[in-house]
4 protein chains.
Amino acid sequence: MPQTNPVIHMLGRRLRLAAIGGGPGSFIGAMHRQAARLDDRFELVAAALSSDPDKSRAAGADLGLPADRSYGTAYALMEAEAMRADGADVVAIMTPNDSHHPYAMHALKLGFDVICDKPMANTLAQAQEVCAQVAHSQRVYCLTHNYTGYPLVRQAKAMVQAGHLGDIRLVQVEYVQGGRAKPGPSRTAWKDDVSRGGPSLVLGDIGTHAHNLLRFITGLEVEQVAAEVGTIVPTRQTHDYAGVLLRMQGGARGNLWVTQAAAGVENSLRIRVSGSLGTLEWAQESPQILSFKPLGAPAQTYTPNGPGTLPLAARSSRIASGHPEGFHEAFANLYADAAEAIAARRCGLAPDPLALYFPNATDGLLGVQFVTAVLQSSAQQGVWTTV
Amino acid sequence: MPQTNPVIHMLGRRLRLAAIGGGPGSFIGAMHRQAARLDDRFELVAAALSSDPDKSRAAGADLGLPADRSYGTAYALMEAEAMRADGADVVAIMTPNDSHHPYAMHALKLGFDVICDKPMANTLAQAQEVCAQVAHSQRVYCLTHNYTGYPLVRQAKAMVQAGHLGDIRLVQVEYVQGGRAKPGPSRTAWKDDVSRGGPSLVLGDIGTHAHNLLRFITGLEVEQVAAEVGTIVPTRQTHDYAGVLLRMQGGARGNLWVTQAAAGVENSLRIRVSGSLGTLEWAQESPQILSFKPLGAPAQTYTPNGPGTLPLAARSSRIASGHPEGFHEAFANLYADAAEAIAARRCGLAPDPLALYFPNATDGLLGVQFVTAVLQSSAQQGVWTTV
Amino acid sequence: MPQTNPVIHMLGRRLRLAAIGGGPGSFIGAMHRQAARLDDRFELVAAALSSDPDKSRAAGADLGLPADRSYGTAYALMEAEAMRADGADVVAIMTPNDSHHPYAMHALKLGFDVICDKPMANTLAQAQEVCAQVAHSQRVYCLTHNYTGYPLVRQAKAMVQAGHLGDIRLVQVEYVQGGRAKPGPSRTAWKDDVSRGGPSLVLGDIGTHAHNLLRFITGLEVEQVAAEVGTIVPTRQTHDYAGVLLRMQGGARGNLWVTQAAAGVENSLRIRVSGSLGTLEWAQESPQILSFKPLGAPAQTYTPNGPGTLPLAARSSRIASGHPEGFHEAFANLYADAAEAIAARRCGLAPDPLALYFPNATDGLLGVQFVTAVLQSSAQQGVWTTV
Amino acid sequence: MPQTNPVIHMLGRRLRLAAIGGGPGSFIGAMHRQAARLDDRFELVAAALSSDPDKSRAAGADLGLPADRSYGTAYALMEAEAMRADGADVVAIMTPNDSHHPYAMHALKLGFDVICDKPMANTLAQAQEVCAQVAHSQRVYCLTHNYTGYPLVRQAKAMVQAGHLGDIRLVQVEYVQGGRAKPGPSRTAWKDDVSRGGPSLVLGDIGTHAHNLLRFITGLEVEQVAAEVGTIVPTRQTHDYAGVLLRMQGGARGNLWVTQAAAGVENSLRIRVSGSLGTLEWAQESPQILSFKPLGAPAQTYTPNGPGTLPLAARSSRIASGHPEGFHEAFANLYADAAEAIAARRCGLAPDPLALYFPNATDGLLGVQFVTAVLQSSAQQGVWTTV
């Protein structure tokens, strides 16, 4: 990562960030704020942390925000900040899934750049609308598929791009969690409500991460799926597992398996990509190791900033090799890159091309298209369905 | 493993073994003989190592066999040994796949017990015939799905049986190899000949292993499959990958992925089984570790003969914990158990029930049925197909 | 980690931090600032980043500091900030080793709380002086032995405290790096200058970390050492390895091995602690795993915020289990705890006792005493020497 | 491993083996016999399994031995077998430590080749006597430091020999077990009797293994030691831990740590060897992985028969890469190589030079010299002591 702060360098100040959602009790809210803070490219200036104005102010005070910039609604925040001379530049959305679309649309229309938690939207039509608005507004839209921020995921992508794997042939990706192994409601009530959490909880929560990860590393799109999505834990109403066979662009074949019902498993997002020249393996629970097994030579282990690090990975680490970075740093890489892109846009400069690997609106739309096709195949006896 | 040799204890001598196949250059032939030898329950007394009588005698001499018991054909061996007072008790078949059926049938009809390499047969009809003949002959038939011989695979099965996982819900099994990543013929010519290697090379070679492993550990049968089987390496004629979604007995769901075209991967047979109470994970490349992740308690690591070893696993290790056993010992466990069953049969004794966990004719038939259903689903656009 | 920011809660604002050192090119400077920022308990308000006033101002501007708070010397910074109404509360020292003592002394005398990079001092007399001044001034002094900030290192300590290991008997600690495997000067010139880097580079750089880690986890002091310290890479003038046999308080025995000359190794800080009831193992390169091998039961794997997490570890993680945290978060835990202690001190409140596990002045003094004894034993043919 | 059995090829038959010791309840006895059997180069023809003639005959019968070749004493066996036309060629000694010397001496004098469990002897004088007798008799003497039989240990040695590590600089070896973590007697009574088990149980049992392993891989001798040997478990009379600093031939430095009192640890023999060009790491509990970390390039993982396998390792594996071999196969490699050397000797042929890497009498003597020097240093306050 560059020593000099490119945002301060370009803008002369940090970007002003407004947070929508992420109030008390929100795991992902604290995560977003830490990610925004780590590389000192943002200053949190406003938030809408609760729909109860008093609670929102109290939660804002806990974060060191002044009372007049702790808003009771997302819309109030956006309207007011858009009017202030020192108003927020960027809106970060970390609310339940069904509000991602309306808040992002509103923010874009008011001229904010947007950082939004995934999924982009609960329906295809909404996703298309956001995508069109991003194109129209020429604003930066960053979707926090944070796993693509890990240095070794980026190293994997860079190795594929550099041809180290040859032609991609086979992909396996799994995202297996145990958080919903027990019957009963989610810790977050809206997740169990299909109208808020989306048509398939497991696909929206983690299926889109798995899909995004395999697209990011391989650079290939999924063309067809044969799938089953269902519920394995008794009495549950929302999906908790999905198995998908994949036909990829260029003829590669793949397999995607996601579940939140694997008792005792923590957060096992793993990927294996095989090409004609070798195989890459990475697992999120040991993110500081990337295994490359070349055809006919000993397997190699890549580490962040270790020997063989390619530029895209090098700029994604803050530290010498052997010093693990984790989930926060991966998440922060998206914020840092989005910040660089936003600052460049505001200054009319061309950003470093390597800053543009954060997930964007097109990635979000492709994720929703994937979910749609998977559900369709599952509903039709598993037949191959075009994405 | 018991200190006293149960075969010598029951029979007063070792079992006399005749090997069909496994001549010079055969990897699996040496493996079978080492497995037979390790626990000293067999004595190799005869072999048909080549269809050229001179070559067969020379290869037999290399193994220390007398010239008159090195035969030019499997049938010659079986006919002659069946007539000798000191003739072989058991025939071990390690020939190309298409001959498994006729040799096993002949051996069973002549009264031999049979140890046969997998798959049992290339067609469903043949498999059914062998199965019926085994039942009719009351002989022992052991199919060398050797991975079920690993102590920790048996520990996994025993833990499932003992209820440690609760209700089985989700299964993932993969068998990923790289031996066929490069275009061009197999090292063994018959494998590329569908009439000899069977209708689907990848399914016959390793798909049946993966299927057998998941059945062994879970104790559940596969009821329906949605699958794709195909060829990913350019110019190849035989299958080199398969992806299968699984609907299991009792409602569990699963995913099976096998390929021999993953460049650089060696022999990655891995399984994860999740139940309502926890998840088991095992990988053949590190066979001395079984991970159990119970719901709500720290993950545990089981080792062969380590704390918590259940009886089925305990009898499958020869050594104190911390001293790795490997592929040979797993393979030898099948030979050792089959020997115990055969000796008991010959003496009219009841074998130790724990000796009866080697794969048998029913397992072989179920494997062929699985292959058949997978091919059928793949041919029909991936629709769910009953096994 | 608590949702509410205890510093803002107690003080109504963030602590004001002044950084001494850590200018352009400094790895550890960026690290300190990120650590200070992550949990939003500090605001960087001033810095002395270079002895050239212009360079210091330029570097400060890169960090977003106003020109009048970018100072040309540490002393200028401390004098000026002590006079300002809105002056810094805390001074963080991240300069070459020989200046740790004078800067800390000056800061303490002016009433600042101090966060200081290790080692505390290059000589025993200096360390004793700092220690006395801390006691006298009643200020918080935090020495950044950052490895004790890892959640699972704290879990290990808490498990020892809770008696899970029984009586501690055997300790092994190694800190093996490869950064100095090649002959030639260090990247940082002062490290090769004994008058600046201290009497033993390898002991000051990483030996004190290893010593601190074993004391932290076991709660036991080193009583006697038998040691060799030396230089293994040809032409080098400073120490690059040390081996130390340890006699610990209460009769435990141990072994410490440190080197920076192990070609190809990254940052292998590992510890194993055995007690009468079991053994703990932890390695910095996989910090999200703590292995506990209890006597007579399967080995257990602890993860941050996973099942079995004790309170000291729970407050040291920001995230759900399965989401790795790394070096930054460990470092930030020291800053976060020191901040809590400082805020409590300033408000006359009792801090949470669990906030007081950061390394302090006594830890620093014991580190220097250890180095002194090791060097003495090495100079005397390895005989046992009292610390 | 060669397909053709070199012993049968040279001699026209298997070697005839007589076992001294290893009767009922002996772990190591079964191990020796399985190792001898695996590669079919030996036939067990005689044994002295108990000092009670009836028990010896019964135990022999369990192994399939005729009554007249189950002897009541080692001496009776050796005298009788030396006289038989079909008598044993080789004597394998697997008795308590104090008898290794007299039995080996007697066997050598009668013209037998000898395979002997370690340690070679309990005293330096005895070890020197055996060494001289081996030289005088021109017989093969193989000492079963079995860990050097692992394919990847041999790969490590071959890589060092080939210069992949450059100049050896630093060595760490540990052998940590937990079998004696609890107070109370050993499972084997003679081990607690210094007159039988030798002057230092932990050094004789496992210290010599660690010493042999580091010599084998590095090709360097230990010149000086600074050590402590002692007893950490209360009430125990024999040594259960030792720490040793090492000065090696050529200036390399090292560290050796062994204990049998680490509760919960199984059999952690680990070694790290650093040279000017890179570092090798191997651990017995995962013997199928050898890590090589070259200076300035990604770490590599070697596997048995995987890419990059050197000839010494290739001949030590029986199987394709990805199929783990274990402790038995490593042990069997010593038997297989000794057999090849013995058969060559008997036929007046030159053995394959790669067959001569099994530990021999000189290795045994060096092991006893090492133990002697370590005890001497420990008794003298840890001062450096020449081996």
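General remarks:
- For region A:267-387, the dipole from Cβ point charges (+1 on Lys and Arg, -1 on Asp and Glu) about the Cα centre works out to 120 debye, to the nearest 20.
- Helical content alone sets the calculated 222 nm signal of chain D at -10500 deg cm²/dmol, taking -39,500 (n - 2.57) per DSSP H segment of four or more residues and averaging over every residue.
- Rounded to the nearest 20, the size of the Cβ-charge dipole of region B:164-239 about its Cα centre is 400 debye, with Lys and Arg at +1 and Asp and Glu at -1.
- For C:Lys182, inter-copy separations between label points set 7 Å beyond Cα along the Cβ vector come to 3.5, 5.4, 5.5 nm, shortest first.
- Placing a label point 7 Å from Cα along the Cα-to-Cβ axis, D:Arg13 is separated from the same position in the other copies by 1.9, 9.8, 9.8 nm, shortest listed first.
- Volume in Å³ per residue [convex hull over Cα atoms, computed for region A:124-197]: 197
- Neighbour-limited loop hits for trypsin sites (Lys or Arg not before Pro), region C:184-268 (at most 14 other Cβ within 10 Å; DSSP other than H, G, I, E, B): C:Arg187
- Directionally averaged projected area (region A:123-250, Cα convex hull): 9.8 nm².
- Look at the dipole of region A:228-387 built from charges on Cβ: of A:Ile232, A:Ser286, A:Gln300, the Cα furthest out on the positive end belongs to A:Gln300.
- Descending Cα extents along the principal axes, region B:219-279, whole Å: 45, 24, 13
- Debye intensity ratio I(q)/I(0), log10, region A:189-239, q values 0.21, 0.22 Å⁻¹ (C-alpha model): -0.83, -0.88
- Spherically averaged projected area of region B:60-192 from its Cα convex hull (nm²): 12.4
- Radius 14 Å from Cβ of A:Val194, net charge of other residues (Lys, Arg +1; Asp, Glu -1): -2
- Average other protein chain Cβ within 10 Å of Cβ, residues B:30-38: 4
- The distance from the alpha carbon centre of region C:147-226 to that of region A:127-156 is 42 Å, rounded to a whole number.
- Charge dipole of region C:1-82 about the Cα centre (unit charges at C-beta), most positive-ward option of C:Tyr71, C:Ser56, C:Val7: C:Val7
- The share of alpha-carbon pairs in region C:167-309 lying farther apart than 24 Å comes to 38%.
- If you plug the beta carbon distance of A:Thr188 and C:Ala350 into 1/(1 + (r/R0)^6) with R0 = 35 Å, you get a FRET efficiency near 0.50.
- Set B:Lys293/C:Lys157; D:Lys118/D:Lys182; C:Lys109/C:Lys157; A:Lys191/C:Lys157; D:Lys55/D:Lys109 screened for pairs whose C-alpha atoms are more than 31 Å apart: C:Lys109/C:Lys157; A:Lys191/C:Lys157
- Averaged over peptide B:220-233, the number of partner chain Cβ atoms lying within 10 Å of each residue's Cβ comes to 3.
- For region C:237-326, the Rg and Dmax computed from alpha carbons only, in angstrom: 16.1, 49
- The ellipsoid that matches the Cα gyration tensor of the protein assembly as shown has semi-axes, each √(5λ) in whole angstrom, of 58, 44, 25, with the longest given first.
- Share of pairwise Cα separations in region C:289-339, more than 18 Å, in percent: 37
- Taking the square roots of 5 times each eigenvalue of the Cα gyration tensor of region D:249-290, largest first, gives ellipsoid semi-axes of 24, 15, 6 Å.
- Over 21 Å [Cα-Cα, region C:1-128], rounded percent: 38
- Summed side-chain charge close to A:Ala107 - residues other than A:Ala107 whose Cβ falls under 9 Å, Lys, Arg +1, Asp, Glu -1: +1
- For chain A, the spread of Cα positions along each principal axis, largest first, Å: 62, 51, 39
- Of all chain B residues, the one whose C-beta is nearest the axis that brings B onto D, in angstrom: B:Gly326, 2
- For residues of D:315-323, the mean tally of beta carbons on other chains within 10 Å: 6
- Computed with a 1.4 Å probe on the full set of protein chains, the accessible area for B:Ile289 sits at about 70 Å².
- Each other copy places its own label point for D:Ala132 at 6.6, 7.8, 10.0 nm from this one, sorted shortest first, where the point lies 7 Å along the Cα-to-beta carbon line.
- The figure for C:Asp192 is an accessible area of roughly 50 square angstrom, using a 1.4 Å probe on the protein chains alone.
- Largest-first principal axis extents of the Cα set of region D:334-387 (Å): 52, 16, 16
- Dipole check for region B:1-45: with +1 at the C-beta of Lys and Arg, -1 at the C-beta of Asp and Glu, and the Cα centre as origin, the magnitude is about 100 Debye.
The values are calculated or read from the model by the stated rules, or taken from the named source; none is laboratory data. Predicted model only: the values in this text are computed from it and were never measured. Neighbour counts run over all protein chains shown; Cβ positions are idealised from the backbone, glycine included. These accessible areas exclude ligands, DNA and RNA; they are computed on the full protein's heavy atoms, side chains included. Shrake-Rupley method; radii C 1.70, N 1.55, O 1.52, S 1.80 Å.
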